[in-house]
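These notes are about the structure you will find just below.
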Amino acid sequence: MKQFSTISDLRYFLASGHKKGVSVGFVPTMGALHEGHLTLIRRSKAENNLTVCSIFVNPIQFNNPEDLEKYPRTLSRDAKLLEENGCDVLFAPDNAEMYPPEKKEPFGLEFGMLDKVMEGKFRPGHFKGVAIVVKKLINIVQPTRAYFGKKDFQQLTIIQNMVHQLALPVIIVPCETVREKDGLAMSSRNMRLTIAEREIAPTIYQILCKAKEKTGKLPVRELKEWAIKKIQENHLMRVEYFEIGDKETLMPLETWNFKNRAVAFTAVFLGDVRLIDNIELFS
Ligand code: PAF
């Protein structure tokens, strides 16, 4: 596996492949890789001639400085995992490379309500930070396909919207959430859970599954209230939001009129670790 830390070296390496029409799959990450990321790498490998993974803990998408500071950084372990899973190229730039100090990031995109609800409401500025870095990474790598997990459903929707708005020449490939055996959605944040928190963390997905069973049987508002109460029965968990939204507009649903488009989304604190998950209610 080749490893680059500068944009110019990566571009130089990719140029000949691009010229020959080689298909490039791209998996952008913030590192602390787990099976979820590696599933994306393997899918990219199966669908493209060359797979590029980026590892960059993007400071401008963190609205909480403590979260940024505590974000796990495990580059040499990550590089080994990527190598073992057949990744061809690792791009791991530092902050100065991605955000040269003399330049201000231009940003002319508007996402309407997509970045105002749920994660957007509780993490102001987060999705602008994500969109800026993903656009920049796509410009650098010029991939044929880019792979994103559905665990970050709202992020995926916003990236699809950006690619559409800017007509970026890339295919966005949504990938199913990868879960631990007990149902907990894989996340780099899971490694920050204490043993007691890790034990109860699967409750989040269990309640999402039960909510799916109850879909259409209770009014939307009652189902949301039920789910929040049920999650918080465990005193280690605090629900930041539990929302039922439209799978495309992400707007909260008031009734089951468009039930085949309903997705339940939640963000839950276990101690100071914030986990998110979602389930398509009528899939
Ligand atoms: O999902 C992530 O890990 C990040 O938000 C991403 C897409 C790599 C952008 O920094």
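The values are calculated or read from the model by the stated rules, or taken from the named source; none is laboratory data. Worth saying up front: this structure is predicted, and the values here are computed from it rather than measured. Cβ sites come from the backbone with ideal geometry, for glycine too, and all protein chains shown count toward neighbours. Quick note on the areas: whole protein, heavy atoms, side chains included, nothing else; ligands and nucleic acids left out. Shrake-Rupley method; radii C 1.70, N 1.55, O 1.52, S 1.80 Å.
For the list (1) open to solvent by 30 Å² or more (accessible area, probe 1.4 Å); (2) in contact (Cβ under 8 Å) with a residue 12 or more places away in the chain; (3) assigned to a helix (DSSP H, G or I), I need the number of the one condition that residue 130 fails.
Going through (1) open to solvent by 30 Å² or more (accessible area, probe 1.4 Å); (2) in contact (Cβ under 8 Å) with a residue 12 or more places away in the chain; (3) assigned to a helix (DSSP H, G or I) one by one, residue 130 breaks only (1).
Could you list, ordered by first residue, the pairs with Cβ atoms under 8 Å in which the first is in region 183-202 and on the phi < 0 side of the Ramachandran plot and the second is open to solvent by 50 Å² or more (accessible area, probe 1.4 Å) and within 16 Å of the ligand (Cβ to nearest atom), at least 6 apart or interchain?
186/35; 192/70
Need pairs with beta-carbon distance below 7 Å; first residue in contact (Cβ under 8 Å) with a residue 12 or more places away in the chain and within region 27-49, second aromatic (Phe, Trp, Tyr); sequence gap 6+ or separate chains.
These pairs meet every condition: 27/147; 30/56; 30/71; 40/147; 43/147; 44/147.
Could you please give the count of residues in region 12-37 that are open to solvent by less than 30 Å² (accessible area, probe 1.4 Å) and more than 16 Å from the ligand (Cβ to nearest atom)?
The qualifying residues number 4.
Farther than 26 Å from residue 111 by Cβ, in a strand (DSSP E or B) and either out of contact with any His (no Cβ under 7 Å at 6 or more places or on another chain) or open to solvent by less than 50 Å² (accessible area, probe 1.4 Å) (or both): is that true of residue 274 in this structure? Write out each step before concluding.
On the way: farther than 26 Å from residue 111 by Cβ: no; in a strand (DSSP E or B): yes; either out of contact with any His (no Cβ under 7 Å at 6 or more places or on another chain) or open to solvent by less than 50 Å² (accessible area, probe 1.4 Å) (or both): yes.
Spelling it out, it is not the case that residue 274 is farther than 26 Å from residue 111 by Cβ, in a strand (DSSP E or B) and either out of contact with any His (no Cβ under 7 Å at 6 or more places or on another chain) or open to solvent by less than 50 Å² (accessible area, probe 1.4 Å) (or both).
How many of the residues making up region 159-181 are more than 15 Å from residue 136 (Cα to Cα), in a loop (DSSP other than H, G, I, E, B) and either over 12 Å from the mean Cα position of the chain (by Cα) or touching a residue at least 40 places away in the same chain (Cβ under 8 Å) (or both)?
Counting residues in region 159-181 that are more than 15 Å from residue 136 (Cα to Cα), in a loop (DSSP other than H, G, I, E, B) and either over 12 Å from the mean Cα position of the chain (by Cα) or touching a residue at least 40 places away in the same chain (Cβ under 8 Å) (or both) gives 4.
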